[in-house]
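Have a look at the structure below, then the notes.
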Amino acid sequence: MTGIVHIVGAGMAGLSAAVAATEAGRTVHLYEAAPQAGGRCRTVTGADGFTHDNGAHVLLSANRAARGLIDRIGAQDGWIEPEPRGLPVYDAHAQRLSRIGLSPWSWMARDKRPPGMALADLPRLARLAAPLVPPLADRPIGPIFAGSALHDQLIEPLTVAVLNTPVSRASSARLGRALRRVMRPGGARLLIARNGLGPDLVDPAIAWLAQRGAHLRTGMRLRAVEAQDDRAAALVFAGGTIRLSGDDRVILALPPAEIARLFPQIHAPTRFEPIINAHFALAEPLPAEAVPRFIGLVGTLAQWVLVRADHLSVTVSAAEDRIADNPEPLLARIEAEITPALEAAGVACGIGERRRLVKEKRATMTQDAGGAVYRPRPPLRGLAFAGDWIGPLPATIEAAMLSGRDALAQIAEERP
Ligand SMILES: Cc1cc2nc3c(=O)[nH]c(=O)nc-3n(C[C@H](O)[C@H](O)[C@H](O)COP(=O)(O)OP(=O)(O)OC[C@H]3O[C@@H](n4cnc5c(N)ncnc54)[C@H](O)[C@@H]3O)c2cc1C
């Protein structure tokens with residue numbers, strides 16, 4: 001492979017492919033439709049100057065592909081563990097805060113155990129984490145924990161956090177794959193970007209690529225891929241067409257709906273789940289040593305709150321029932337829910353006037369039990385697909401980054 005690697009889509013999958021291709025010594029051209037890179041992982045600034053990420057994204061130390069990329073681009077100092085003593089979780093019904101270990105191994109210690117966990121839960125947890133013979137391998141997660149206190153205290157919040165799909169129908173096989181990775185030694189540390197996804201991930205990746213001659217072109221919406229014989233021959237963008245040489249390769253790191261538009265014959269997800277994030281600016285900044293904090297909530301619409309020095313970001317995953325709600329009442333409800341949780345966690349902050357609701361209607365694909373695992377076969381030579389929807393893992397940053405690397409490997413192996 002000696003030609004240019006053209007990568008379309010500068011989300012996590014595209015950036016991962018671009019870094020891997022650059023490392024392999026390839027000439028990389030990266031194209032993005034939006035004015036900035038990052039895709040569903042981005043820092044946004046409103047007209048009022050209020051800056052925050054679109055979501056409250058977390059990584060786990062088990063996410064080796066993501067951490068590998070972060071190390072390679074020199075951004076590792078930006079990724080920190082906000083709650084090394086265990087995740088504080090506020091139960092709104094009991095009005096009580098407990099600290100829960102994220103590693104199942106840590107539950108040997110009583111004070112790290114999810115509240116209400118009983119001996120009878122152990123075989124259920126084992127069924128979730130241990131590989132079984134298909135079709136037993138995949139089933140809705142909720143019914144496995146019917147009648148157990150663990151359902152509300154751990155399984156539902158964990159499921160919507162990882163799979164962004166209601167627990168009543170979410171896939172045990174996908175969650176199980178993620179759990180097995182987290183159970184490996186050192187795999188259960190929760191990490192967040194110290195200053196945000198832009199400064200701690202996207203910007204350093206773009207800078208790293210630029211230093212090595214791989215430049216990003218924004219405002220480049222791909223309209224079509226032209227074929228000659230069975231090869232990708234040209235990329236037709238809104239602003240012009242780029243002809244490909246026989247040695248060039250293409251990675252389309254695009255969301256499933258875009259792939260389906262470009263190649264209707266490709267089997268790609270058609271159902272998606274929303275995530276809503278509420279962002280509240282703080283009246284006064286918190287001292288640097290007091291942040292960041294990360295607090296889980298149960299028994300509320302709000303599922304977790306990320307506390308930064310100057311704002312709070314609150315997540316509602318699997319938010320189909322709320323996506324049509326008016327922003328103001330939703331913001332007021334979320335503010336009322338998080339106030340006691342912050343107090344219980346010892347976060348003393350005043351919420352200011354600026355607030356914003358970000359609704360991502362297609363935050364991830366639906367990840368139901370029995371749903372397909374997508375492994376799209378490229379319809380043309382010289383072309384590969386990448387994106388979080390590809391492969392058997394939950395649709396996350398990790399899956400996106402793995403798919404970017406895999407796509408490069410696919411086109412590298414291909415004969416001209
Ligand atoms: C609110 C929210 C919270 C999340 N929280 C987490 C979390 O805590 N942890 C986690 O691991 N994951 C989380 N995720 C999921 C994670 O963000 C995604 O899995 C990941 O970012 C997907 O990356 P991607 O590159 O596959 O797709 P995308 O990010 O969608 O990237 C695709 C890129 O292609 C561009 N594009 C689209 N069409 C075209 C075209 N025709 N031509 C050129 N470019 C085009 C888009 O603008 C975009 O930049 C969250 C997602 C959301 C929305």
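The label-point distance for residue 149 and residue 324, in a model that sets each label 7 Å from Cα toward Cβ, rounds to 3.8 nm.
Ligands, DNA and RNA aside, residue 258 has an accessible area near 40 Å² when probed at 1.4 Å. Only one residue of 318, 254, 95 has its Cα farthest out toward the positive end of the dipole of the chain, where Lys and Arg carry +1 and Asp and Glu -1 on Cβ, and that residue is 254. Annotation: residue 272 carries an accessible surface of approximately 40 Å², with a 1.4 Å probe and no ligand, DNA or RNA atoms counted. Couplings 3J(HN,Hα) of region 304-315, computed from phi: 7, 10, 9, 9, 10, 4, 10, 7, 10, 10, 10, 10 Hz, in residue order, whole Hz [Karplus 6.51 cos²θ - 1.76 cosθ + 1.60, θ = phi - 60°; x for Gly and Pro].
By how many degrees, 0 to 90 and rounded to 10, does the Cα axis of helix 327-344 deviate from the longest principal axis of the chain? Approximately 60 degrees, to the nearest 10.
Residues whose amide H comes within less than 5 Å of that of residue 298, counting only those at least five positions distant or on another chain, are 90, 91, 92 (H built at 1.01 Å from N in the peptide plane). Taking amide hydrogens as placed 1.01 Å from N in the peptide plane, the amide H of residue 11 sits under 5 Å from those of 38, each at least 5 positions away in sequence or on another chain.
For region 159-231, a crude dipole built from +1 on the beta carbon of Lys and Arg and -1 on the beta carbon of Asp and Glu, taken about the Cα centre, is about 400 debye to the nearest 20. Across region 109-182, Cα pairs under 8 Å and at least six residues apart give a relative contact order of 38 percent. Working from the Cα coordinates of region 109-182, the gyration tensor eigenvalues give, after taking √(5λ), semi-axes of 19, 14, 12 Å in decreasing order.
Taking 349, 41 and ordering them by how much accessible surface each has at a 1.4 Å probe, largest first, produces 349, 41. Computed from backbone phi with θ = phi - 60° and the Karplus coefficients 6.51, -1.76 and 1.60, the 3J(HN,Hα) list for region 214-229 is 9, 9, 8, 10, 8, x, 10, 8, 6, 9, 7, 10, 8, 10, 10, 6 Hz; x is used for glycine and proline. Distant-in-sequence amide contacts of residue 4, defined by a placed amide H-H separation under 5 Å and a gap of 5 or more residues or a different chain, comprise 248, 249. In the elastic network of the chain, a GNM with C-alpha springs shorter than 10 Å, the most mobile of 371, 49, 387 is 49. Positive end of the dipole of the chain (Cβ unit charges, origin at the Cα centre): among 291, 56, 348, the Cα lying farthest that way belongs to 56. Taking all protein chains as they are arranged and a probe of 1.4 Å, the heavy atoms of residue 67 leave approximately 90 Å² accessible to solvent.
This model, with +1 at the C-beta of Lys and Arg and -1 at the C-beta of Asp and Glu, gives region 348-416 a dipole about its Cα centre of some 300 debye. Compute a Gaussian network model of the chain, connecting alpha carbons closer than 10 Å, and tell me which residue from 118, 33, 400 fluctuates the most. Of 118, 33, 400, the Gaussian network model singles out 118 as fluctuating most. Extending 7 Å from the Cα toward the beta-carbon at both residue 375 and residue 23 defines two label points whose distance is 2.3 nm.
What the phi angles of region 256-261 give under the Karplus curve with 6.51, -1.76 and 1.60, with θ = phi - 60°, is a coupling list of x, 5, 5, 5, 5, 5 Hz, glycine and proline written as x. When 31, 374 are compared by accessible area of protein heavy atoms, the largest-first order is 374, 31, using a 1.4 Å probe. Relative to the dominant Cα principal axis of the chain, helix 172-182 is inclined by about 80°. Relative to the longest principal axis of the Cα atoms of the chain, the long axis of helix 12-23 makes an angle of roughly 50 degrees.
Computed about the Cα centre, the dipole magnitude for region 109-182 is approximately 260 debye when only Lys and Arg (+1) and Asp and Glu (-1) carry charge, each at its Cβ.
The values are calculated or read from the model by the stated rules, or taken from the named source; none is laboratory data. Remember, predicted model here, so these are calculated numbers, not experimental data. Note that each Cβ is placed from the backbone with ideal geometry, even for glycine, and that neighbours are counted across all protein chains shown. Accessible surface is based on the protein model in full, side chains and every heavy atom, while ligands, DNA and RNA are left aside. Shrake-Rupley method; radii C 1.70, N 1.55, O 1.52, S 1.80 Å.
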